[in-house]
1. Inside the stretch 65-146, counting only helices (runs of 4 or more DSSP H) that do not spill past its ends, which hold 1 or more residues that are at pLDDT below 65?
2. Of the residues 161, 177, 154, only one is among the basic types (Lys, Arg) and within 15 Å of residue 136 (Cβ to Cβ); which?
3. Applying the selection to the stretch 161-188, what residues are under 19 Å from residue 134 (Cα atoms) and either at pLDDT 85 or above or open to solvent by 80 Å² or more (accessible area, probe 1.4 Å) (or both)?
4. Counting just the residues of the stretch 183-196 that are in a helix (DSSP H, G or I) and free of Cβ contacts under 8 Å to residues at least 12 places away in the same chain, which one comes out nearest to the chain's Cα centre (by Cα)?
Amino acid sequence: MSKHKIDIKKNSLSWEKSFFRKCDKNKCENKGEYKAPKSRLFLNEYYFFCLEHIKEYNKSWDFYKGLSVDQIENSMREDIIWNRPSWPLKGNPYKVIEEVNKFYKNNPNDYDFIENDQSYFKNKIVDDSLTQEENDALSILDLKLPLTLEKIKKNYKKLVKIFHPDVNGNNKNAEEKFKEINKSYRIILNKLKNEK
């Protein structure tokens with residue numbers, strides 16, 4: 001009995017395929033092994049050069065060629081945010097830009113942050129519901145909204161123990177602070193009663 005030999009056809013694999021790509025430089029017969037982008041606008045389209053010509057191309061290639069100084073600046077700024085616009089989730093993005101421009105139109109060196117930070121960083125919700133006197137009372141009692149009677153009493157008792165005249169002897173500063181604490185406590189309690 002004769003054995004039958006199976007004829008296996010050998011397929012060439014994709015990475016085994018090889019073809020000669022000529023250098024894209026005119027009159028060059030070398031192999032184009034190195035790729036280089038065709039232009040700033042077509043970064044996914046390539047020239048293929050030999051080693052000698054890729055070095056030459058890289059030395060002469062300028063990504064920002066043909067752009068003005070302002071266009072280069074804008075391009076660099078857009079690269080920082082990956083060419084995607086960014087603005088607050090709520091509100092108009094142009095208003096934010098207007099605010100920043102308005103701020104820098106005034107000389108930033110003249111802007112006294114220590115003097116103005118109290119008004120600049122105020123909370124709108126707190127301002128709408130509290131008067132200046134009530135706001136001051138909150139800061140003296142070291143309280144934040146929302147208020148509860150329990151929280152007010154707890155902070156009041158803690159501060160009274162620290163600044164009580166019996167504890168501090170004849171210290172005038174402690175006595176003044178103690179008076180402020182009592183006044184603030186009455187203001188906040190009245191505010192709480194009026195809301196109910």
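1. Values: elements: 69-80, 93-105, 113-120, 124-129, 132-140.
Helices (runs of 4 or more DSSP H) meeting the threshold: 93-105, 113-120, 124-129.
2. On the way: 161 fails: within 15 Å of residue 136 (Cβ to Cβ); 154 fails: within 15 Å of residue 136 (Cβ to Cβ).
Result: 177 is the single residue among 161, 177, 154 that is among the basic types (Lys, Arg) and within 15 Å of residue 136 (Cβ to Cβ).
3. Going through the stretch 161-188, the residues under 19 Å from residue 134 (Cα atoms) turn out to be 176-188.
Residues satisfying the conditions are 176, 177, 178, 179, 180, 181, 182, 183, 184, 185, 186, 187.
4. If we filter the stretch 183-196 for residues that are in a helix (DSSP H, G or I), which is where we start, we get 183-195.
If we keep only those that are free of Cβ contacts under 8 Å to residues at least 12 places away in the same chain too, we end up with 186, 190, 193-195.
Numbers: 186: 42, 190: 42, 193: 42, 194: 42, 195: 39 Å.
Result: 195.
The values are calculated or read from the model by the stated rules, or taken from the named source; none is laboratory data. All figures in this text were calculated on a predicted structure; none of them were measured in a lab. Because the Cβ atoms are built from the backbone with ideal geometry, glycine has one as well, and the counts that use them run over all protein chains shown. Calculation scope for accessible area: heavy atoms of the full protein, side chains included, ligands and nucleic acids excluded. Shrake-Rupley method; radii C 1.70, N 1.55, O 1.52, S 1.80 Å.
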